[in-house]
Amino acid sequence: MKRRAFLRNGLMALGAPAVLPATARADVFLTPRQRRQSDDPIRLSSNENPLGIPPGSREAIIGGIEDGNRYPGNSRRALQEAVAQGHGVPSNAIVLGNGSTEILQMGVQAKLHPELRLVAPAPTFEDVFEYSEPHPWIDLKPIPLLPDYAHDLSAMEEATKGAPGPVLVYVCNPNNPTGSLTPVGDVESWIRRAPENVHFLVDEAYFEFVDSGSYRSLDQLAVENPNVVVARTFSKVYGMAGIRLGYGIAHPETARVLQAFAAGTNCNHLALVAGLAALNDGEWVAKSVGANLESRQVTYAVLEELGLEYLPSHTNFVMHRISGDLRQYINRMREAGIRVGRPFPPMLEFNRLSLGLPEEMERHADTLRDFRRRGWI
């Protein structure tokens, strides 16, 4: 029986119409901009790519359904080799994850020890701290950011000293939620002089958005040094937050240890083929970064117009000051049809705003102006 007839008969057996409505069929190929309804909230809360996934990834997912009955060994190896080639590292230095958050989870689990100390900036991306919650014996050392919102590397290094067991240092660069950079050279210098009991988990989720001549990845250092893992994601610039795909770069022996804490098939076939197609779409990164820059300028302009302080960002979000209660501000934005970021203690006088499409940021700007007229900000 031909595949088309098989699918039609199968749908009929399930009580579904043999022919899908034209609107349902067409919707598969629409972009997020085309699918959005006028009454849908604008999502400026989770640092997602408003352009969606690359067209090639969309086609790869549709074509990949045909092999959905097969385990993803081949597609996994293909993506692992492509990622390795892109970074100029051996393929056994790459660990794939269900998003980069799973790489962070592996990094914590791989270092579990009754005397583990965890050192991280504060505020930062919360997942590393959350992964430690089931293990209350972990000695948590949150270190406040510097006045320029960079990591206080000196204080973080001091917090690693005297530890009776292993130490795991989390570096988020650029940092979430502040969008700020920490000098890569300073991080690298610390790593090179650190004692053997100090391990580093470096989160480069927003790498592609950074526009700084002094910024670079620590991927090569990770491959050279067994005490370093670099985490990267397809969620941001490639728009695959809902598909869940990320990877870690590490010394081959460290990668082998990390892999022991992952499910054997933690990345599904459709995510893998989508990721491979994304890597082959050289224009998508430039398009996403360009749209992000335009949206960032719209946001900077209205914040300056209203005299609201903001932190210059190297990411796809902007942390800006508000007036009044943060929860009330978030709720008022939601009532206006805009979802903005969650609280990040202790910066409760700031809100993290994800950057959407330029026209979405224009609407956000108009809403801020309305809030000012009402005396809310």
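Values computed for the structure shown
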quantity: Those residues of region 243-274 which are assigned to a loop (DSSP other than H, G, I, E, B) and not β-branched (Val, Ile, Thr), in sequence order; calculated: 244, 245, 251, 260, 261, 262, 263, 264, 266, 267, 268
quantity: Extreme residue, surrounded by the most Cβ atoms within 10 Å (Cβ to Cβ), among residues of region 126-156 that are among the small types (Gly, Ala, Ser) and more than 22 Å from the chain's Cα centre (by Cα); calculated: 155
quantity: Selected residue (only one of 359, 283 is farther than 30 Å from residue 68 by Cβ, free of Cβ contacts under 8 Å to residues at least 12 places away in the same chain and out of contact with any helix residue (DSSP H, G or I) (no Cβ under 8 Å at 6 or more places or on another chain)); calculated: 359
quantity: Flag for residue 211 being under 20 Å from the mean Cα position of the chain (by Cα), within 29 Å of residue 289 (Cβ to Cβ), surrounded by fewer than 20 Cβ atoms within 10 Å (Cβ to Cβ) and in contact (Cβ under 8 Å) with a residue 24 or more places away in the chain; calculated: yes
quantity: Residue satisfying condition, being assigned by TED's automatic domain parsing to the domain that holds residue 262, in contact (Cβ under 8 Å) with a residue 24 or more places away in the chain and surrounded by fewer than 19 Cβ atoms within 10 Å (Cβ to Cβ), within set 163, 159; calculated: 163
quantity: Residue, surrounded by the fewest Cβ atoms within 10 Å (Cβ to Cβ), within region 315-331, restricted to residues that are in contact with a Gly (Cβ under 9 Å, 6 or more places away or on another chain) and not in a loop (DSSP other than H, G, I, E, B); calculated: 330
quantity: Elements of type helices (runs of 4 or more DSSP H) contained in region 41-112, each with 1 or more residues being surrounded by 22 or more Cβ atoms within 10 Å (Cβ to Cβ) and either without any contact (Cβ under 8 Å) to a residue 60 or more places away in the chain or of a type in the set (D, E, K, R) (or both); calculated: 100-109
quantity: Selection within region 336-371 - within 20 Å of the chain's Cα centre (by Cα) and either of a type outside the set (A, V, I, L, M) or assigned to a helix (DSSP H, G or I) (or both); calculated: 339, 341, 342, 343, 344, 345, 351, 352, 354, 356
quantity: Breaking point among (1) touching a residue at least 60 places away in the same chain (Cβ under 8 Å); (2) under 27 Å from residue 52 (Cβ atoms), for residue 330; calculated: (1)
quantity: Every residue from region 113-136 that is free of Cβ contacts under 8 Å to residues at least 12 places away in the same chain and part of a strand (DSSP E or B); calculated: none
quantity: Residue 294 vs. criteria closer than 14 Å to residue 45 by Cβ, assigned to a helix (DSSP H, G or I), among the charged types (D, E, K, R) and touching a residue at least 40 places away in the same chain (Cβ under 8 Å); calculated: no
quantity: From 308, 276, 272, residue being touching a strand residue (DSSP E or B) at 6+ places or on another chain (Cβ under 6 Å) and not hydroxyl-bearing (Ser, Thr, Tyr); calculated: 308
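The values are calculated or read from the model by the stated rules, or taken from the named source; none is laboratory data. For clarity, every value in this text was computed on a predicted model and none was experimentally measured. Neighbour counts are summed over all protein chains in view; Cβ atoms, including those assigned to glycine, are modelled from backbone coordinates with ideal geometry.
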